Amino acid sequence: MTEPSTATDRTRLAGSAYSSDRDLAARQSIYQWQTPRHDLPAIVAEQLRAVRGLVVDVGCGNGRYVRRLREDRPDLASVGLDIAPGILATVPGPVAVADVTRLPLATGSADAALAMHMLYHVPDIPQAVRELARVVARDGVVIASTNSERDKAELDDLWHRAAGDVLGTGPQPVRFSIGARFSLEKAPGFLGEEFGRVRTIELPSTITVREPEPVVAYLASWRAWADQYDAPFDATIERARAIVTDRIAREGMFEIGCRAGILVCRR
């Protein structure tokens, strides 16, 4: 069993981190400067081209995938589930509050399930994978996504330097990592316990910004975990803004390397 941590605390997730879609939307928005541009909802829809029936989006957040499926695949029935009632307020129904480790679905009742950038928030990842396997039909598919341990290393370096400047102690430890529990490197091991075929689709890209605000907004979107950082959060954000502003003034841009991926799982 994976030990709980602040990354998995349900009160923090539902009451702060995802009480609305403000912070999630800030993180999503940075990808408009991505090259090549990976349209994840479109990629997921393509992976579901042979699916008929019910698709359940577990941890649906602000509903990006639910909306896309309803546009591209109106023949499918789709349901969004999340543990945070607040973020579901903007998602078109049907939706429900639900925990991935105790899904309110009959065994084999779904033809596909999505778990997009969310399994690292689950205290017991193996149990969540078992539940996804349980509710999906034998010939169904589970699609998960996450980031590599090397994803957005430039933002870690930025925080490392900014925190050190604020504290006057030299470079500090990197940002508190939420995704490391279910990284792109670790995910096949977790998913392979229940699925005989796990195919990884890697989606490398580069984000290039020419003004500091997208970077600042991305860093600030982790405010729900501000107490997990070893430096004053607001002061470090402002110092990061100054560093990025200076870099863009000198070099014309700030680049961030992205290493995300989708895992397509079948029995």
Restricting attention to the range 92-135, the residues that are under 13 Å from GLY59 (Cα atoms) and among the basic types (Lys, Arg) number exactly 1
If a residue must be within 30 Å of ARG241 (Cβ to Cβ), among the hydroxyl-bearing types (Ser, Thr, Tyr) and part of a strand (DSSP E or B), how many such residues does the range 187-220 contain?
3
Can you say whether GLY179 is closer than 25 Å to ALA249 by Cα and of a type outside the set (A, V, I, L, M), as far as the supplied structure shows?
no
The range 160-183, subset modelled with pLDDT under 90 and hydroxyl-bearing (Ser, Thr, Tyr), residue surrounded by the fewest Cβ atoms within 10 Å (Cβ to Cβ)
THR169
ALA224 versus (1) surrounded by 15 or more Cβ atoms within 10 Å (Cβ to Cβ); (2) assigned to a helix (DSSP H, G or I); (3) out of contact with any strand residue (DSSP E or B) (no Cβ under 8 Å at 6 or more places or on another chain); (4) at pLDDT 95 or above: which is the lone unmet condition?
(4)
Across (1) in contact with a Cys (Cβ under 8 Å, 6 or more places away or on another chain); (2) more than 27 Å from ILE207 (Cβ to Cβ), VAL55 clears everything bar (1)
I'm checking my understanding of the structure. Among residues of the range 1-19 that are modelled with pLDDT under 85 and of a type in the set (A, V, I, L, M, F, W, C), which one is surrounded by the most Cβ atoms within 10 Å (Cβ to Cβ)?
ALA7
Taking the stated definitions as given, is VAL216 touching a strand residue (DSSP E or B) at 6+ places or on another chain (Cβ under 9 Å) and over 23 Å from ILE262 (Cβ atoms)?
no
I need every pair where a residue in the range 205-216 that is more than 16 Å from PRO36 (Cβ to Cβ) and without any contact (Cβ under 8 Å) to a residue 60 or more places away in the chain has its Cβ under 9 Å from the Cβ of a residue that is outside any loop (DSSP other than H, G, I, E, B) and of a type in the set (Gly, Ala, Ser), sequence separation at least 6 or different chains.
PRO212/ALA240; PRO212/ALA242; VAL216/ALA240
Which of (1) of a type in the set (Asp, Glu); (2) surrounded by fewer than 20 Cβ atoms within 10 Å (Cβ to Cβ); (3) closer than 22 Å to VAL122 by Cβ is the odd one out, the single condition GLU71 does not satisfy?
(3)
Working only within the range 227-267, note down all residues that are among the small types (Gly, Ala, Ser), in a loop (DSSP other than H, G, I, E, B) and within 25 Å of ALA14 (Cα to Cα).
ALA231
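The values are calculated or read from the model by the stated rules, or taken from the named source; none is laboratory data. Because the structure is a prediction, the values reported are computed rather than measured. As a convention, Cβ positions derive from the backbone with ideal geometry for all residues, glycine included, and neighbour counts pool all protein chains shown.
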